[in-house]
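Before any comments, here is the structure.
The values are calculated or read from the model by the stated rules, or taken from the named source; none is laboratory data. Bear in mind that the values here come from a model prediction, so they are computed numbers and not experimental data. As a convention, Cβ positions derive from the backbone with ideal geometry for all residues, glycine included, and neighbour counts pool all protein chains shown. Ligands, DNA and RNA are stripped out before the accessible areas are found, and what is left, the full protein with its side chains, is counted by its heavy atoms. Shrake-Rupley method; radii C 1.70, N 1.55, O 1.52, S 1.80 Å.
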Amino acid sequence: MTPADWSIVNRVPIFRSMGEALSRSMLGHRIVRVYDRGELLFQQGDPATCCFLMLEGWVKLYRETADGHEVVVSLFTTGESFAEAMMFRGGRYPATAETVTAARLLQIDGQLLHDAVMRDPQISFEMLAASSLHLRRLVEQVEQLKAQSAPKRIASFLLTLTPVRSGEARIELPYEKLLIANRLGMKPESFSRALRRLRSVGVSVEREFVRIKDVIRLAAFIEGEAPADLVCRMMQNPAQCEGFGPGCIEVPYAGRMRTLTSRGGA
């Protein structure tokens, strides 16, 4: 494992609670596994014997319906872990995990993690917190599917990818549009139509790249407000921006909060 890999490990709550010495003793001999796009990590119904930590790339977790359709349950990327709860239940994986890009992962043996929990019960609380976060994401996903229009769901997704807090942004879609549509609960043709509707708020698409002319304007579209009104509201209610300075706005998506600022913000 590289120093960058250890930096990722130390940011994950489960391993942060262990301390560096215990983490290194448990993971130091583990081999980082490299996968190509489209490789299976485990299948629905397999014995749950290990969990995974993402070091690079993307993995989808999905279930197959009785008629053979694939339903994406969740997506994971760098710094995120998954399958902890499944593993500790001693049962079987309730879904299939597959790489959607080239990926590097750390596979963590269930018995090693079990032994670490027995030595330090605090680790179990961190695992409960991770499971709670996964559940929160699923709840917010359901809420979005029911409450947001297709264009707003896409706009929210794009904001999770923006590297800037204001002004213009250019991003590369992390995986294919068909999967994004599935994740957002849309058919491909509905996704394409909704994406075209975002042109009116400054979003343009060229192959796998998306240009957002004004991040604040897109956030305002999601909130159903004019950009100036949104910034004004956030400025008047600094409690919503605690720790980020004036002029910020936080947009929730899949359990993550994207923090944005106006051009005049800190």
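Every residue in the stretch 26-42 that is open to solvent by 80 Å² or more (accessible area, probe 1.4 Å) and over 25 Å from the mean Cα position of the chain (by Cα), please.
His29 - this is the single residue of the stretch 26-42 that is open to solvent by 80 Å² or more (accessible area, probe 1.4 Å) and over 25 Å from the mean Cα position of the chain (by Cα).
Would you mind stating whether Met1 is of a type in the set (A, V, I, L, M), touching a helix residue (DSSP H, G or I) at 6+ places or on another chain (Cβ under 9 Å), open to solvent by 50 Å² or more (accessible area, probe 1.4 Å) and over 23 Å from Gly185 (Cβ atoms)?
Answer is yes for this residue.
Can you spot a residue in the stretch 121-129 that is in a strand (DSSP E or B) and either closer than 26 Å to Val9 by Cα or modelled with pLDDT of 90 or more (or both)? Before the answer, list the steps.
First, the residues of the stretch 121-129 that are in a strand (DSSP E or B): none.
No, the conditions are met nowhere in the stretch 121-129.
Quick check on Arg183: is it within 26 Å of Val59 (Cα to Cα) and buried (at least 20 other Cβ atoms within 10 Å of the Cβ)?
yes
Scan the strands (runs of 3 or more DSSP E) fully inside the stretch 7-118 and keep the ones with 3 or more residues being of a type in the set (A, V, I, L, M, F, W, C), touching a residue at least 40 places away in the same chain (Cβ under 8 Å) and within 28 Å of Leu179 (Cα to Cα).
So the answer is 40-42, 50-56, 70-77, 103-109.
Looking at this structure, is Val164 open to solvent by less than 100 Å² (accessible area, probe 1.4 Å) and part of a loop (DSSP other than H, G, I, E, B)?
Yes: the conditions hold for Val164.
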